[in-house]
Amino acid sequence: MPILAVHGLRKSYGALEVVAGIDLELSRGECFGLLGPNGAGKTTTLRLCLGLTEPDGGDIAMFGLPVPREARQARLRVGVVPQMDNLDPDFTVRENLVVYGRYFGLSRTALEQRIPELLAFAALENRADARILALSGGMKRRLTLARALINDPDLIFLDEPTTGLDPQARHLIWERLQQLMRQGKTIFLTTHFMDEAERLCHRLSIMDRGRMIAHGAPRELVARHIEPHVVEVYGDGVDAWASQSGAGLSDRCEKTGATLFCYARDAAPLLQHLEAQNALRYLYRPATLEDVFLKLTGRELRD
Amino acid sequence: MITTARFRPPAPSLRFVHVWRRNFLVWRKLAIPSMLGNLADPMFYMLGLGYGLGRMLPEMNGMSYIAFLAAGTVCSSTMMSASFEAMYSGFSRMHVQKTWEAILNAPLTLDDVMVGEAVWTASKSFISGMAVLVIALALGLVHSPLAVLALPIVLLAGLAFAGLGLIMTALSPSYDFFMYYFTLAVTPMMLVSGVFYPVEQLPAVVQHIAAWLPLLHAVELVRPLMSGTLPSHVLLHVAVLVVYAVTSFYIALVLTRRRLQK
């Protein structure tokens, strides 16, 4: 039985179909990533899966329980890290965990055992009695993650867990999430950081305008949708170079801002040619998930 | 489908108690300043007007003016405290701190949160009403053990004002919005419901309007109980408060579902 199964899920706000008939399945122990630009419908999908809003169509089953009808029962086994921290500012770190544990009906003894473990997990042992306002952004995120684990959930939803964090803080969160996967937890992650998705997720779906437009493992998606070599070219005269030589030497070229992205199955001729261009600078790299993402969802700005 | 779901009757679980406990724990941390804030204002009015103005006034309905005013203040202080809690604090928890959002990710529903908030608001306003009652007792303004019966009335009135406040919270775009409710509902209600002077002093039209307001019915019950007589039309007054409490809670719930369960 899948941990989470979603079929034909739909949700509209007025005339706008935010989730337009999507299917999902998460099996135990996997990390699934939902990628998409802003407004793609990722957060609405999460809210629907948690039973926080009624779908217009389709079915959701979490641990085999129908959602939203038995969402309360299903949420007993779920942890959620929301996009924006919503820790209780009137409470200390420890009190935040205690109060949240009570919502799950955990007893005082159960909490007394659980909380030191969680504080260690979040590297907040020395901050147990600190006020929330005294914590850094990274600490708040770690506490939010610890809070989501208070009920030892089988399935953890994370909505853009590392947005706004510095690199050190992001790496620590990633390391903790990998630790949770080793414990057999199932993770449902939304993000728009491609490196995060590539690093953590076993399987990804790319969502845009309410639809799933691609599925697969990160490497698989790159192999399927994009040429393996990328050369980014910039500098004076890049446009002229593109039309005279660049376009012919690569399989595909795209301009974003001041940079020309050249995609090729074989980069050697391109690089050879660029060696001789003194006005141009370039960066040669393998194709990444970000290239797939931009190819599939377009390069124009989303707000 | 969404519209019918929005109107279904409340189906809370006992987990609402944890919402109450969460708010209680915050209150306990700030209890002293919060109590002072809640009490200072009604006390100044009660003592200032009661002694100052009372000296110039004859007995009112068979009691000293300050005793008359004390009974009104028990009710108005309950109303004030419930309104502030349901609106300013409720809005903080719902919209600013997103406390409700965090709770809703746990195995609680919006119905649990709303019941927890309403009961908490009533509890907090009960403390405010009771505090005024205790001070009135200390000043020798309460003459009968019947005054004990005012306590459940205060709690019921607290629930009624909690529901009304939560309606405003569900509709509010920001804190500023609550000023409308205070200036257009709370203040006039306080002036026409027999808190400061007998309702009979008012023009008949105003009396008719006041008869539909919850504060008047709370005052009509609490004042006789504090002075040691049984109120008349007990059932009517209690029924009005119950209808206000139940209806306003239901409307607040539907509006909050509309706002949050999009």
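Coordinate-derived values only; no laboratory data. On a predicted model such as this, the values are computed, not experimentally measured, just so you know. Positions of Cβ are generated from backbone atoms using ideal geometry, with glycine treated the same way; all protein chains shown enter the neighbour counts.
Amide H to amide H, which residues 5 or more places from A:I213 or on other chains are under 5 Å from it, using H placed in the peptide plane?
A:I206, A:M207, A:D208
When a/c is below 1.5 the answer is rounded, else prolate if a/b is larger than b/c, else oblate, so apply that to region A:1-152 with a ≥ b ≥ c taken from the square roots of the Cα gyration tensor eigenvalues.
Prolate.
If you line up the long axis of helix B:110-138 against the longest principal axis of chain B, both from Cα atoms, how many degrees apart are they, to the nearest 10?
Rounded to the nearest ten degrees, it is 20.
Be a star and scan region B:28-47 for residues whose amide nitrogen sits under 17 Å from the point 7 Å along the Cα-to-Cβ vector of B:L151.
none
For region A:17-33, what does the Karplus curve 6.51 cos²θ - 1.76 cosθ + 1.60, with θ = phi - 60°, yield as ³J(HN,Hα) per residue in whole Hz, taken in order and with x for Gly and Pro?
Using θ = phi - 60°, the values come out as 8, 7, 10, 10, x, 10, 10, 8, 9, 10, 9, 4, x, 9, 10, 10, x Hz.
Past 24 Å, Cα to Cα: identify those pairs from B:K124/B:K262; A:K11/A:K140; A:K140/B:K124; A:K140/B:K98; A:K42/B:K262; A:K42/B:K98, in the order given.
The answer is B:K124/B:K262; A:K11/A:K140; A:K140/B:K124.
Could you list log10 I(q)/I(0) for chain A at q = 0.08, 0.15, 0.16 Å⁻¹, which the Debye formula gives when each Cα is one point scatterer?
One equal scatterer on each Cα of chain A leads to -0.44, -1.14, -1.24.
Evaluate E = 1/(1 + (r/R0)^6) for A:A223 and B:Y88, where r is the Cβ-Cβ distance and R0 equals 45 Å; express this FRET efficiency to the nearest 0.05.
0.20
Taking R0 as 41 Å, what's the FRET efficiency between A:L16 and A:H171 from their Cβ-Cβ distance, rounded to 0.05?
It comes to 0.65.
Would you please state the base-10 log of I(q)/I(0) at q = 0.11, 0.17 1/Å for chain B, with intensities from the Debye formula using one equal scatterer on every alpha carbon?
-0.60, -1.29
How large is ³J(HN,Hα) for each residue in region A:250-256, as worked out from phi by the Karplus curve 6.51 cos²θ - 1.76 cosθ + 1.60 (θ = phi - 60°), to whole Hz, x for Gly and Pro?
10, 6, 7, 10, 9, 9, 10
With just the Cα atoms of region A:99-258, tell me how far they stretch along each of the three principal axes, in Å, largest first.
The principal-axis extents, from largest down, are 73, 32, 27 Å.
At what distance in nm do the modelled label points of B:V243 and B:Y51 sit from each other, each positioned 7 Å from its Cα along Cα→Cβ?
For the pair B:V243/B:Y51, the computed spacing is 4.2 nm.
So, in nm, how far is label B:L36 from label A:A258 when the simple model puts each one 7 Å beyond its Cα toward the Cβ?
Inter-label distance under the simple model: 6.0 nm.
Pop out the ³J(HN,Hα) list for region A:271-285 in order, Karplus 6.51 cos²θ - 1.76 cosθ + 1.60 with θ = phi - 60°, rounded to Hz; leave Gly and Pro as x.
Karplus values, whole Hz, x for Gly and Pro: 5, 4, 5, 5, 3, 7, 8, 6, 7, 9, 10, 8, 9, 9, 8.
Straight distance only, please: which aspartates and glutamates reach the Cα of A:K185 with their own Cα at less than 17 Å, same-chain residues fewer than 8 apart left out?
Cα-Cα hits under 17 Å: A:E25, A:E30, A:E117, A:D152, A:D154, A:D159, A:E175.
Restricting to DSSP H runs of at least four residues, report the calculated mean residue ellipticity at 222 nm for the protein assembly as shown, -39500 (n - 2.57) per run over all residues, nearest 500 deg cm²/dmol.
The helix contribution divided over the protein assembly as shown gives -15000 deg cm²/dmol.
Taking the Cα centre of the protein assembly as shown as the origin, how large is its charge dipole in debye, to the nearest 20, when only Lys and Arg (+1) and Asp and Glu (-1) carry charge on their Cβ atoms?
So the dipole magnitude of the protein assembly as shown works out to roughly 1000 debye.
Which residues' amide hydrogens lie under 5 Å from the amide hydrogen of A:C31, considering only partners 5 or more residues apart or on another chain, with H built in the peptide plane?
A:I187, A:H202, A:R203
Given H placed 1.01 Å from N in the peptide plane, which residues other than close sequence neighbours of A:K255 have an amide H under 5 Å from its amide H?
Answer set, sorted by chain and number: A:F261.
Starting from the Cα of A:T288, step 7 Å along the direction of its Cβ; do the same at B:V205; then give the gap between the two resulting points in nm.
Here the answer is 7.3 nm between the modelled labels.
As I understand it, the value is the acute angle between the Cα axis of helix A:137-148 and the longest principal axis of the Cα atoms of chain A; what does it come to in degrees, rounded to 10?
Rounded to the nearest ten degrees, it is 50.
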